[in-house]
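**Student:** Structure incoming, see below.
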Amino acid sequence: MADRRDRCTHVLFLAYQSFGLAFGDLSISPLYVYKCAFYGGLRHYETEDTMFGAFSLIFWTITLLSLIKYMVFVLRADDNGEGGIFALYALLCRHTRFSLLLNQQAADEEISTYYGPGDANRSLPSSDFKRLIEHNKRSKTALLLLVLAGTSMVITIGVLTPAVSVSSSIDGLVASTNLKHSKQCCKFYFDFQIFLLFVFACSGTVVMIACALLVGLFVLQHRGTNKVAFLFAPIMILWLFSIATVGLYNIFKWNPSVYKALSPHYIYKFFRDTGKEGWLSLGGILLCITETVTCLQSHGLMQFAFCCVVYPCLVLQYMGQAAFLSKNFSALPTSFYSSIPNPFFWPVLMMAMLAAMVASQAVIFATFSIVKQCYALGCFPRVKIVHKPRWVLGQIYIPEINWLLMVLTLTVTIGFRDTRHIAFAFGLACMSLAFVTTWLMPLIINFVWNRHLVFSILFTILFGTIELVFVASSWTKIPHGGWITILLSLLFTFTTYVWHYGNRRKYLYDQHNKVPMNTILTRGPSLGIVKVPGIGLIYTELASGVPATFTHFLTNLPAFYQVVVFICSKTVPIPYIPQKERYLIGRLESEGSGSNRDRSAHDGRLAVVKTSNKFGTRLSRSISDANIAGSSSSRSQTTVSNSKSPVLKRLKAEYEQELPKLSMRRRFQFRPMDTTFRQPQVKEELFDLVEAKDAEVAYIVGHGHVKAKRNSTYAKQLVIDVAYSFLRKNCRSPAVMLNIPHICLIKVGMNYYL
C-alpha cells in the first residue's frame, strides 16, 4: 500500500513538473487564436452564429487532434519516456530495417534495453509491405527525408515560438491604451510606471520591449534554468486557472448560451454562412493545438496533466472569449485582453508575460534536445553540447543553436512586427509537423505495435483528412508570413540531409578501403614497421578492420607506436544503455591465436564523449586486466564493467566521471593491436604495455579533405564540394568534440573522393 502511494505521489509530481515543460505555448495560444482566425474577409460576418461556429471549430480541433490523436495514440509511441519526431524514427529503426544510420550491427540487439517490454511480438513474420520498404533504398531515403523535414519544423518552431509568445503577451499594452487612455489620462500621468508603459505603447515601441525580453531570454540560457525552473510549473498552473476564471466570468456575464456551440452543428452553419472565407480562417483556428506537436515527455503524466487541467481550462477560456466577442465584435483585435475585467487587467498582463517566457524557454529546450538527437544520429553538424553538474538531468545548452535562434527570432520579430503574420508562420510550421507525425504513426501501428494494416489505414484516413484540410488552409497564409516557415524549414532540411549524405558517403569510402586485420597481422613482419615506445589511440568509425587513415599513415611513415588501440564510437537508436553494458574490451589478433579478437563498448545515443589527459593511463590499466583475463580463454571477450578485477572496477569508476550524465546512446569499440606482430607471453606483454604507457600516449584522428569524383554529376559536386565542405570547415572538429589535448594530438591527412 505504501509503495502504491509513493508511485502515485511520484506520478503527480512529474505531472506537476510537465506544466512548465510541455504545455507552455499551448496555454498561451488564447492570446492570438481568435484575432488570427478572423483575419481578412471573415471580419465581415459579425453574427453570433459565426462566433459560435469558430468556437465549435476550436473545441473539436483540440478534442480530436490534441486530446485523441496525441494523448491517446502519439504519446503511446514514446521511446522509454522520450518523445518527439526522432523517437518515432528510432522505434522504426529498431523494429525494422529502415535505418540509414551508420555502423549498425546485429550485435546491437543484444543490449538489454534495445527492445522494450511490449516488444514480445517482434519475432512475427514480416509483411510484404515491410519487406518492400526494407529492400528499397529510395523508400528508406524518403522516410529519412520525412523525419528530417519534421525535425526542421521543430527547429523552425523554436525560432517562431518566442517571437509570437512574447509579442502577443505585450500586445496587452496596446489594448490597455486603446481601452483606457481617453478616460484615465490623469491616472496614467501620476503613476510613473504605467505612464512609461503608456508612452511605449503609443510610440509603437512594443516591438522594442519584446526584443529586450527575447535578448535577455537567450543571453541567460548559458547559465541554465535550475535556479528558477521550480517556478515554471506554478506560473503555468496559475496562468491556466486565471484564464479559466476569466472565461467563466465572460460566459456568465456576456452570453451563457455559448455552451450550445459545443455541438458540431455550429461547424456546419459556420461553413454554410462563410463559405471560402471560413475555410481560409482555419489557418488561424489551427493555432489552438500548437505545442502538442513538440511534446517530449512520458505519455502517462502528460495525459494526466492535459486531461485534468490543461484541456478544461483552455475550453473555458475559448468559450468565454466567444461569449465576449458575440456581444463585442469590435474588440476582436485585442479580444483576450479586452475581455479581462478592469481590476484584474495588470495582474493578468504580468502573468501573461511570465507565461510567455516560460513557454519560450520550454520550446528552446525542446529545440536543443532535437538538435542533440539529430547530431547523435549523424544528421547534424558537430556542435558543442554543454551539461553542467549542477543542472538537472537532461538539461543541456548548445551555444551555436542558442545564438542562431536569437538572431532569427529577433529578425522575425522586428521584420514582421504584426503578431498575426508571425502566428500564421508559426501555425504553418506546427501543422506541417503534425502532418509528418500522422504519416509516421501508421508505420508505428503496423510495424512496432504489430496491429493489422487496417488500423493504420483508419488512423491515416481519420486524422490525415482533418489535418490535410488545415494544411491546405495554412498554405494560403504563405504571402502573409508563412513564407518564412518555408524558407527556414528548407534551409534546415537541406543542412541536415547534406551532412548525413556526406558522412554516409565518407563512411562507405572508409568501409570500401579498409584493410582486414588478418592481412596486417599476417604481413606485418614484411612491412618493415619501426616500433616506437608509446600507446597510439586511433579514433575510427569502423567497427571492424583497419581504417584507411592508419594504412595511409604507415604507407608514408613506416613507424608507429608499440601498442595501438582502435576506438570506435558508434550510435545505437535506443534511449538509454545500462552502465554495465556500455564498455566492452577485447583483443584483436590472428584467428589461430588464443587471445581475444574483438573489443566493443556501449554508451548512450545522446552522450558527448570527453577525453581527459588521464584517459590513456586508465585505458592501459583496462588493457592490462583484459590481457590477464583473456589469457585463460581462447575465445573470450572481456567486459570492463562485468570483470571482477579491482583494477577494472577502479578504472570503470574513474572513467565514468569523464562522461556527462546524459541519456545518450553511443557505443565504443576498443580494439588494441600489438604492432610487434607476435604473441608474447602475458608477463612480457604487460611489461611492454607499462613501458609504452610511461613513454607516451598519442591520439590519432583522421583529418580528411573531401571532394566529389571528377565524373560526378553537377548536383553531387555542388553538394559535396560546396555545401558539405562548407559545413565541415565551419563546425567543430572531432578533436575538439573529444576534448583531446593538443599536445598529444596527431592528425592524419587524407583525401576522400566520394
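**Student:** Dipole size in debye (nearest 20) for region 478-581 around its Cα centre, Lys and Arg Cβ +1, Asp and Glu Cβ -1?
**Tutor:** The calculation lands at about 160 debye.
**Student:** Let me ask something additional. Mind checking the log10 I(q)/I(0) for region 538-581 at q = 0.17 Å⁻¹? Debye, one equal scatterer per Cα, no solvent, two decimals.
**Tutor:** One equal scatterer on each Cα of region 538-581 leads to -0.62.
**Student:** Carbon and sulfur: what percent of region 330-380's accessible surface (1.4 Å probe)? Can you show the working numbers first?
**Tutor:** On the way: 1000 of 1350 Å².
Taking all protein chains in place, region 330-380 shows 74 percent carbon and sulfur surface.
**Student:** Dividing the alpha-carbon radius of gyration of region 307-356 by 2.2 N^0.38 Å (N being the number of residues), what value is obtained?
**Tutor:** Ratio of Rg to 2.2 N^0.38 Å for region 307-356: 1.22.
**Student:** Follow-up. How far apart, in nm, are the 7 Å Cα→Cβ label points at His44 and Cys307?
**Tutor:** 4.5
**Student:** Then there's this: For all pairs of alpha-carbon atoms in region 401-499, what percent lies in each bin of width 5 Å, listed from the first bin to the last filled one?
**Tutor:** Spelled out bin by bin, region 401-499 gives 2, 12, 17, 17, 15, 14, 11, 7, 4, 1, 0 percent.
**Student:** For each pair in Lys372/Lys570; Lys260/Lys477; Lys514/Lys570; Lys269/Lys477, compute the distance between the two Cα atoms and list the pairs where it is over 19 Å.
**Tutor:** Violating the 19 Å limit, Cα to Cα: Lys260/Lys477; Lys269/Lys477.
**Student:** What would the Debye formula give as log10 I(q)/I(0) at q = 0.21, 0.22 Å⁻¹ for the alpha-carbon point model of region 361-434, no solvent?
**Tutor:** With one equal scatterer per Cα and no solvent, log10 I(q)/I(0) is -1.05, -1.09.
**Student:** Just read off the accessible area of Val407 with the full protein assembly in place, 1.4 Å probe, to the nearest 10 Å².
**Tutor:** 80
**Student:** Moving on. For the cross-link pairs Lys384/Lys707; Lys384/Lys729; Lys69/Lys276; Lys506/Lys729, which exceed 18 Å when the distance is taken from alpha carbon to alpha carbon?
**Tutor:** From Lys384/Lys707; Lys384/Lys729; Lys69/Lys276; Lys506/Lys729, over 18 Å: Lys384/Lys707; Lys69/Lys276.
**Student:** Roughly how many nanometres apart are two label points built 7 Å out from the Cα toward the Cβ at Lys729 and Val532?
**Tutor:** Label-label distance for Lys729 and Val532, simple model: 3.0 nm.
**Student:** Calculate the spin-label point distance for Phe252 paired with Ala559, positioning each point 7 Å from the Cα along the beta-carbon direction, and give it in nanometres.
**Tutor:** Result for the modelled spin labels: 9.0 nm.
**Student:** Using heavy-atom solvent-accessible surface (probe 1.4 Å) with all chains present, what is the largest-first order of His222, His452?
**Tutor:** Heavy-atom accessible area, descending, gives His452, His222.
**Student:** Here's a follow-up. Roughly how much of Glu696 is accessible, in Å² to the nearest 10, using a 1.4 Å probe?
**Tutor:** Its accessible surface works out to 80 Å², give or take rounding.
The values are calculated or read from the model by the stated rules, or taken from the named source; none is laboratory data. Keep in mind that this is a model prediction, so the values were computed, not measured. Note that we place each Cβ from the backbone using ideal geometry, even for glycine, and neighbour counts take in every protein chain shown. These area figures cover heavy atoms from the full protein model, side chains too; ligands, DNA and RNA do not enter into them. Shrake-Rupley method; radii C 1.70, N 1.55, O 1.52, S 1.80 Å.
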